[in-house]
Each structure stands twice: as structure tokens, then as C-alpha cells.
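Here the structure is laid out as C-alpha cells; the discussion comes afterwards.
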Number of protein chains: 2
Amino acid sequence: MKTTYIRDLYKKGSDLEDQEIVVSGWIRTSRASKTFGFIELNDGTYFKNVQIVYDENLSNFEAVSKLSIASAIIIQGKLVLTPDAKQPFEILATTIEVEGESTPEYPLQKKRHTMEYLRTIAHLRPRSNTFSAVFRVRSVAAYAIHKFFQDRGFVYVHTPIITGSDAEGAGQMFRVTTMDLENLPMSDNGQLDVAEDFFGKETNLTVSGQLEAETFALAFRDVYTFGPTFRAENSNTKRHAAEFWMIEPEIAFADLNDNMDLAEDMVKYIIDYVLEQCPEEMKFFNERIDKGLLDRLTHVLSSDFVRVTYTEAVEALKNSGETFEFPVFWGADLQTEHERYLTEVIYKKPVFVTDYPKEIKSFYMRMNADQKTVAAMDLLVPGIGELIGGSQREERYDLLLNRIHEMGLQEEDYWWYLELRKFGGTRHAGYGLGFERMIMYLTGMGNIRDVVPFPRTVKNAEF
Amino acid sequence: MKTTYIRDLYKKGSDLEDQEIVVSGWIRTSRASKTFGFIELNDGTYFKNVQIVYDENLSNFEAVSKLSIASAIIIQGKLVLTPDAKQPFEILATTIEVEGESTPEYPLQKKRHTMEYLRTIAHLRPRSNTFSAVFRVRSVAAYAIHKFFQDRGFVYVHTPIITGSDAEGAGQMFRVTTMDLENLPMSDNGQLDVAEDFFGKETNLTVSGQLEAETFALAFRDVYTFGPTFRAENSNTKRHAAEFWMIEPEIAFADLNDNMDLAEDMVKYIIDYVLEQCPEEMKFFNERIDKGLLDRLTHVLSSDFVRVTYTEAVEALKNSGETFEFPVFWGADLQTEHERYLTEVIYKKPVFVTDYPKEIKSFYMRMNADQKTVAAMDLLVPGIGELIGGSQREERYDLLLNRIHEMGLQEEDYWWYLELRKFGGTRHAGYGLGFERMIMYLTGMGNIRDVVPFPRTVKNAEF
């Protein structure tokens, strides 16, 4: 008989009344008397469990009643409706086959564990309620992002992970090499001979696929990346990981306003999709992780995001009367405390801050007419601060070249990037969404280590 | 006025008759007389161009008629149906605005270029017909894969890129480090002090996410990965790149037959989806790149894939009377020539070969009752050879540990992988699909360098 998934049990519900079915999964809880027993079974296809009821008529009653938590079993039985119970139905087992036993040493017992401890058993934590919910939402949100862009005809581009260039001109990067570190190849003058390395030159892990995505936007018009990016920053915070996934759309014949429209539509789409596809998980987060979560997310769905310039934002912060740890003045970068104050206290909804001083932004951002600010945008959201950073790109060859020189970058490293401005360049814009930050925003989880399956941080690359 | 995408022009067709519209894009070809001109415009949203017609009434007629190929322009005009022409409609321009000029030095002129040359301008080649088709198919196929698995409730898991372990126990890997190679940290005994490295130990780029995916399959039942993987093999072939994307589904409560069913469904789904979504591109490949392509792919859709054991396959090869470069005997790994002969000549459709000798397969594959073969499967397809490799995993703790020892692997490196067999382990299986190989199969492109946006191969990491 074909196995029925618990997801489908809850979908079909009473249609299956009194039918003989097979389910399989893992024991979440188990209790038994001398004559009957109850098992809460989870099969991974759904957040909720189903209750299995069995009695002494079961041929292996003794053995089943002694099974440890996490044991894998296959049940044949009848689905009966239980209108007066907490759950809408249960399964009266006629046979229970043991697929794989667990032991009492199973580290994920019913009691509450700290998040820190659960990180040490990252191979088992997706079996807990919290991480089952986190990683299903992560999967569904990833798909929502693909669906959003593909439904709009965007081309998904896989930009390179190993790169010979540093897109941002600033990131701390991981070196990639096949050279034997115990026996490095040296040239005659005693220098490291990188020509001997796999790629014949120094290579690193990418910090952004933006520059390569721009080449595709000038061919396909609307494109996006979705892939891993890396920062070798020696910072041990709740919001930073060395390896994280990023989404970087890039659109041609488009300016900063088009860019903000796209980002706003995308954020709302992701929230809406996850609320619709993961109602049980989202209810769980709202009850157990972050009490205001659902209100906050549904509020975002119905809000028009605010759009203010950096100059206006600085004025608003200065006039707020609030004292901040970092001083607020025109020319200073906004800190998380400022960002959160803007979105949580002053505007009480997501805020795009635009047109930042050129000194605190990247070389590729488009110079505004004032010659002091660039067409940048950051999206700030309550509870997180910066969720998205983007800009209109400098499409004017001379101005871009000028900025490359001003920033002390090497013109020859950007030959192909510059050529995009020579051969049919257009206005274009794009942004980066940190996927993990989006998941934290969606779930209320407070530490990036708890929204990545196997996080990589300073001194930690387990599993 | 809002811009209409060329994709939508072809979708709506005659509904737009005589309407005033705005289109924008890049000039593919241009010719003009003293009084009128024609432009083939491509806007990246569709494989086909649209024809723009203008005449001397255009205020900037002179300037427009001199524009170089690849220049970006914005046209306002009227859509008129042209039932007698090659294309169903054209646009009579009333204004043409120049968004970004190109120059006669534009490297991608109308004439035929070699694939080798086009690789040197990877930032421009997506603007050519061939690469526009390749990279749109790549994007659509990626989405097809996500859609296939998500529609079936699979959880998408991001397995780590930077890893402290070597999943296959065999791959040649790229080292990842933040140590200064010019000044490596040494411990007192003169050894490299890896404790000083970013992660406090030696780390490499992943060759497979399978082992981590298994941890998720034993929580969510049905999961898949889709991410970049790396091989530092010094091999310069048409089928190998140092960086490539891989899809690795993993299913619990499932055996080798379930695994083959899934792989067959997936391959057919991808082909079907791409044929449906990219008819123009596929027609182009069939006409210009690989004459038999469409026949071959539609034949696959209607075939039941063959399933034979390795032992049967070896017998069939031996009895074929064909002479091969590499000898065929029981115990030898199948070479590409053997694989292609099986699928192209003997069976004439996709073939699963199963149950390989344990000596030529990985430690984690499930031992068969004969104690000589393991429950492995490779999917061979015409024109390519191996497209998919997979297996049922060894779920029996003692047998797995035994194989780890036999292969000379370190037990402590696999503590968490072994624990999956202790705590509610189940039968489970999975496979890996090389995404680039799938794209070669779908498009008929013969070199992996031409299906990756910016390929990374030996001595090559440009862009």
C-alpha cells in the first residue's frame, strides 16, 4: 500500500474517514500503558504530528511501547475522525513496523534546549519544532524569490563564486588556492609564484555577483542572482556569517525609483507567499519566538513603504531629541541604532533611505546632480534595520572611470565593466538582499546561526 | 507611457494593432536609405527581435540612421500588422530616443565568431543569439528544477560551501584560507599553524552537499540541494569545470527504485518544461547547434527509461562485438565510450545502470546481499553519457563503519554522519545531477565553457 504523507492527511482530512492507510515517520513522543499506547508521529512533510493509537492486539506491542524518541516506524491502520479531541483525527494502528530504532541517548529529548546547544547538534536540530519551522520557511522563501522573478520574466544568472576581482573594492575575502601551503611555489626573486596556482593568479571567494549580473542585465534587461557570497570579516555578531546567500536583481532601462518599486514588490511578495504556504510555522513563530511577528508582517503588506533622502533622514534623527551612541551628522554612515529608530519609531514602517553622500558608498553608484550624493537606496525594516542595499549604477563612462581612479582602484581590473558603458550602456539599477536577514525578518529568529543549516563563522566550520 | 516588452508584443500580437506603444532595447541590425530606415531591435525579454521602421520625418533621422550596432534606444510608435512579411508586425516609429550609443569597435559584430573568441568577451556574448538562448534556457531549467521539487513538497536546503570535510573521501579540493601566504603562521615546531586560520582549521570548497543533505532528509523526508560545487582537477576537457552547480535530492523511507523513479520523473519534467517555456530557443538549437536535438528530447519524454544492472550492462557490451579503447570486464568502471554505446546503440534511450562493484563506488553506498555490489545507479543518456549518479545509502551503522575503515577514512570525521544511523535511521537514497551537463543535454552545446556564464577552468578565472 502506498504511503500517505501527513501533509496530505491534513489536506484531505475527513475524506479519508475510516480508510485503511499507511504512514511512516519518526516518533516525537510516546506513552504506553499495559494495554494501549499513543505515539505522536512526525514524517517531515508537515509541521504538525499525527497521533497513532495502538493496543495489545498489536503483535509487537511490547517492543513498540518501548521504542525511544526519534525511532522510525511504518504504521498501517485506519484513520478515524476525533471531533472532540485537539487534533481532527488519529490513526488506529493494525501493524507497526520498526524501520530504524533510536536509543535513550538521543540528544534531542523533549526538554527545552538552548540555542547554543542545538548548534552543536546541527545534524539533528531540524527535527525540533523550531528548526523544522525555520528551515521549511527558508525553503519556501527561497522558492518565493525564484517565483517572483521568474513570473516577471527575469533571467536567473549564476555569477561566479571563485573570482579574480573584488567587486566592492573593499571586502575582506577568502583566498582560494590549490598551492601546497607547506611547500609554496616561489619564483626566482623569492616571491610567491601565483602563476603556479590552479587559475594562474590570485583568486578569492566572491563578495557579490553584482558586476557580473550587470553584464547580463545589459543583454536580458531583467536578471537576478541567487547564490552564496562570502565575507572574511573577523566579527562575531548575531547578524554576520562568513558564508551567506544573497539575491541580486539588476534591471536595465531603469532608475532608482524602478529599483525601489521592485524591492517593495519583492518583499511584500515573499511575506505574502510564506504566510500563505507556511501558516502553521508562522503561527508557531508568533507564539513562541516573537509575539508581534504576524502583526508586523501583515502591517508591512498593507503599507506603502516610506521614501526619504539621506539628508531628510539625518534631519529627522537630529530633530528627534533621541540620544544615540553614535553621533548623527550629515556625512556619517547610518548605524543600526539610527536605522531602527527611523523605521521603528519615526516612520513605523519600512523606509527607503536614498541619495547618500558619495564618500560612504561604492564607486559604481550613480552620481547625482548635486555632485555630493549618489543614487543609492537602503531599505530599513522594523526589528532588523537594513534589509536591502542598492543603487542606480553609474552608466556614464567618464564619471565611472573618474570614480575608479578617485577610489584608488585599478582601471585594468574593470576593463569589461567599463566596456558595458561603451557599447550600448543604459540606465540600470539593482540591489542586494541578504537571504539570511530576510529569514530572520520572517521568523523573528534573533541569530543568523539559527537560520543557516550549517553556519560558518569565526573559528567555526563544523559539519 | 509605460514600456511594452517585446515578449508581450509577441504574446498579445494583433490585440495591439494600430496602438501607440513604447519599446526599448538594443540595435541588432540597422540599415537606412536617405529617406527611411529599418532597425532590428532586441530588448532581452525575448529571443526574437522586433522590426522598427522610421523615415525622414523623424526629428533625429540622421543621427539614428548612423547608430552603431548594440546602441540602446527608446522608440515610441505605432504597432502595425504585416501579414505578408516574415514577422507578424512592425513598429512605425514617431520618436527614437538614444539611451546609450555604441561604437563601430563593438566586438560582437554580425559576422560569425568562434566559440573560443566569444569566451574572451563573456561580458558581451549573452547578447548573441546562441548565448541569449543558452542562458535563458539555463535560467528556465533552474526554475523547472525548483518547481519540480517544491511542487512535491521537497525542502530546499543550502548545504555549506566552505567545509571542513571531504564528502566523497576522494575529491581534489580547493583550499580556503585567510592566512597571509607571504607570511604564514607557524607553530613552535615549525609546522603550519592552522589554528590561526579563519575557521581555526583546514577548510576547503565543497565537492558535494550530500552528507549534509542526508541530515535534512532524516528530518524532512524529501529534500534537495541546488548550489555550486568545486573540483580542483587539473583536467582540460569539454565536460569538466572547476566550479559547477549541482542538484542533490535525498529521500527518506525510500530505496533505489524510488530513487530511479524520482530521477526519471525529474529529467522528463525539466525537458518538458523547457520545451514549453523556450520554444524559440529550442528551435534555434535544433536548427543551428544540434540537428537531432528536438527529436531526441521528445523521444526521451515518451520513453520508459531502461533499468539494467552493471553485470548485465557489462555482458551486453562484451556481446556487442564492438571494440572499445578501454577493455570491458566485470570490475572495471564504465568509460564514457561504454556509457554512450549502451544508451545510444544498444538501448537507444536513457538507461539506468545499477548495482556496481563496491570497489569502484563510494563508501556510503548500500551493500547488496551479494556482498560484492552496492545499490548504486547511474543514468546514462544519448549524446552525453552519465547525467546522474546516485545510490541508496548505507543505513546500517555497523556496515557503514566497516566501509569507512576499509576505505581508510577517519571515523571521527564522520561522527555526525554515523549518528544519523543511530537515532532513527531509515532507508534513504539520493542522487546528484550536474546542472551544466543537463544544460548541455538540453541545448546540444558541446563545451561546458559555453553553458556557464563565466566559466572557471584550469588557468582561467577571468571576469
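The values are calculated or read from the model by the stated rules, or taken from the named source; none is laboratory data. From a predicted model like this one, the values you see are computed outputs, not experimental measurements. Note that we place each Cβ from the backbone using ideal geometry, even for glycine, and neighbour counts take in every protein chain shown.
Checked against (1) of a type in the set (A, V, I, L, M); (2) surrounded by fewer than 16 Cβ atoms within 10 Å (Cβ to Cβ); (3) within 8 Å of chain B (Cβ to nearest Cβ), A:MET115 passes all but a single condition, namely (3).
Residues are listed down the side, and each one gets a yes or a no for (1) outside any strand (DSSP E or B); (2) over 30 Å from A:ASP18 (Cβ atoms); (3) in contact with a Ser or Thr (Cβ under 8 Å, 6 or more places away or on another chain):
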site	(1), (2), (3)
A:GLY77	no, no, yes
A:VAL80	no, no, no
A:LYS86	yes, no, no
A:ILE91	no, no, no
A:THR95	no, no, yes
A:VAL98	no, no, yes
A:PRO104	yes, yes, yes
A:LYS111	yes, yes, no
A:GLU116	yes, yes, no
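Inside the range B:308-321, can you point out the residues that are crowded, with 18+ Cβ neighbours inside 10 Å and either modelled with pLDDT under 95 or not small (Gly, Ala, Ser) (or both)? Matches in the range B:308-321: B:VAL308, B:TYR310, B:VAL314, B:LEU317.
Annotation note: Cβ proximity below 9 Å between a residue of the range A:292-319 that is within 25 Å of A:MET440 (Cα to Cα) and assigned to a helix (DSSP H, G or I) and a residue that is small (Gly, Ala, Ser) and at pLDDT 95 or above (sequence gap 6+ or interchain) occurs for A:LEU293/A:GLY444; A:ARG296/A:GLY444.
Test B:LEU433 against the criterion of being in contact with a strand residue (DSSP E or B) (Cβ under 8 Å, 6 or more places away or on another chain), surrounded by fewer than 16 Cβ atoms within 10 Å (Cβ to Cβ) and either more than 8 Å from every other protein chain (Cβ to nearest Cβ) or not in a helix (DSSP H, G or I) (or both), and give yes or no. Working first, answer last.
Working: in contact with a strand residue (DSSP E or B) (Cβ under 8 Å, 6 or more places away or on another chain): yes; surrounded by fewer than 16 Cβ atoms within 10 Å (Cβ to Cβ): no; either more than 8 Å from every other protein chain (Cβ to nearest Cβ) or not in a helix (DSSP H, G or I) (or both): yes.
So B:LEU433 fails the test.
When restricted to residues that are in contact (Cβ under 8 Å) with a residue 12 or more places away in the chain and either under 25 Å from A:ARG127 (Cβ atoms) or at the interface with chain A (Cβ under 7 Å from one of its Cβ atoms) (or both), the range B:144-158 contains 9. Count of the range A:413-439 residues, restricted to those that are touching a residue at least 40 places away in the same chain (Cβ under 8 Å) and of a type in the set (Asp, Glu), is 2.
When the range A:40-87 is examined, which residues are found to be hydrophobic (A, V, I, L, M, F, W, C), touching a helix residue (DSSP H, G or I) at 6+ places or on another chain (Cβ under 9 Å) and over 29 Å from B:TYR156 (Cβ atoms)? Break it down into steps so the answer makes sense when it comes.
In the first step, residues of the range A:40-87 are kept if they are hydrophobic (A, V, I, L, M, F, W, C); the result is A:41, A:47, A:50, A:52-53, A:58, A:61, A:63-64, A:67, A:69-70, A:72-75, A:79-81, A:85.
Adding the requirement that they be touching a helix residue (DSSP H, G or I) at 6+ places or on another chain (Cβ under 9 Å) leaves A:41, A:47, A:50, A:58, A:70, A:72-73, A:79, A:81.
If the condition is that a residue be hydrophobic (A, V, I, L, M, F, W, C), touching a helix residue (DSSP H, G or I) at 6+ places or on another chain (Cβ under 9 Å) and over 29 Å from B:TYR156 (Cβ atoms), then A:LEU58, A:LEU79, A:LEU81 are the ones that fit.
Checked against (1) outside any loop (DSSP other than H, G, I, E, B); (2) polar (S, T, N, Q); (3) more than 8 Å from chain A (Cβ to nearest Cβ), B:ASN189 passes all but a single condition, namely (1). Looking across the range A:228-242, the residues that are buried (at least 23 other Cβ atoms within 10 Å of the Cβ) and not in a loop (DSSP other than H, G, I, E, B) come down to A:THR229, A:PHE230. Here the range B:122-133 is the region considered, the condition is being within 8 Å of chain A (Cβ to nearest Cβ) and not in a helix (DSSP H, G or I), and the residue that is surrounded by the most Cβ atoms within 10 Å (Cβ to Cβ) is B:HIS123. Every condition in (1) polar (S, T, N, Q); (2) in contact (Cβ under 8 Å) with a residue 60 or more places away in the chain; (3) more than 12 Å from every other protein chain (Cβ to nearest Cβ) is met by A:THR3 except one, and the failing one is (3). Out of the residues in the range B:192-224 meeting the condition of being more than 10 Å from chain A (Cβ to nearest Cβ) and in contact (Cβ under 8 Å) with a residue 60 or more places away in the chain, tell me which one is nearest to A:ILE161 (Cα to Cα). Out of the qualifying residues, it is B:SER208. Here B:LEU41 fulfils each of the conditions (1) more than 11 Å from chain A (Cβ to nearest Cβ); (2) within 28 Å of B:ASP450 (Cα to Cα); (3) of a type outside the set (Phe, Trp, Tyr); (4) out of contact with any Gly (no Cβ under 6 Å at 6 or more places or on another chain) apart from (4). Residue pairs whose Cβ atoms lie under 8 Å apart, sitting 6 or more positions apart in sequence or on different chains, and linking a residue in the range A:368-386 that is among the basic types (Lys, Arg) to a partner that is assigned to a strand (DSSP E or B), are A:LYS372/A:PRO357. The requirement of being within 9 Å of another protein chain (Cβ to nearest Cβ), surrounded by fewer than 19 Cβ atoms within 10 Å (Cβ to Cβ) and out of contact with any Gly (no Cβ under 9 Å at 6 or more places or on another chain) is fulfilled nowhere in the range A:93-102; no residue meets it.
Candidates in the range A:393-415 are the residues that are surrounded by 18 or more Cβ atoms within 10 Å (Cβ to Cβ) and within 14 Å of chain B (Cβ to nearest Cβ); of these, the one that is farthest from A:ALA313 (Cα to Cα) is A:TYR414. Taking the range A:159-172 as the range and being in a loop (DSSP other than H, G, I, E, B) and either at pLDDT 95 or above or within 7 Å of chain B (Cβ to nearest Cβ) (or both) as the test, the residues that pass are A:THR159, A:PRO160, A:ILE161, A:GLY164. Residues that are closer than 23 Å to A:ARG31 by Cα and free of Cβ contacts under 8 Å to residues at least 60 places away in the same chain within the range A:104-142 comprise A:PRO104, A:GLU105, A:TYR106, A:PRO107, A:LEU108, A:GLN109, A:LYS111, A:ARG112, A:HIS113, A:LEU124, A:ARG125, A:SER128, listed in sequence order. Checked against (1) surrounded by fewer than 21 Cβ atoms within 10 Å (Cβ to Cβ); (2) out of contact with any strand residue (DSSP E or B) (no Cβ under 8 Å at 6 or more places or on another chain), A:VAL137 passes all but a single condition, namely (1). Looking only at the range B:416-430, filter to residues that are buried (at least 23 other Cβ atoms within 10 Å of the Cβ) and not hydroxyl-bearing (Ser, Thr, Tyr); which one of those is nearest to B:PHE284 (Cα to Cα)? Restricting to residues being buried (at least 23 other Cβ atoms within 10 Å of the Cβ) and not hydroxyl-bearing (Ser, Thr, Tyr), the top hit is B:GLY430.
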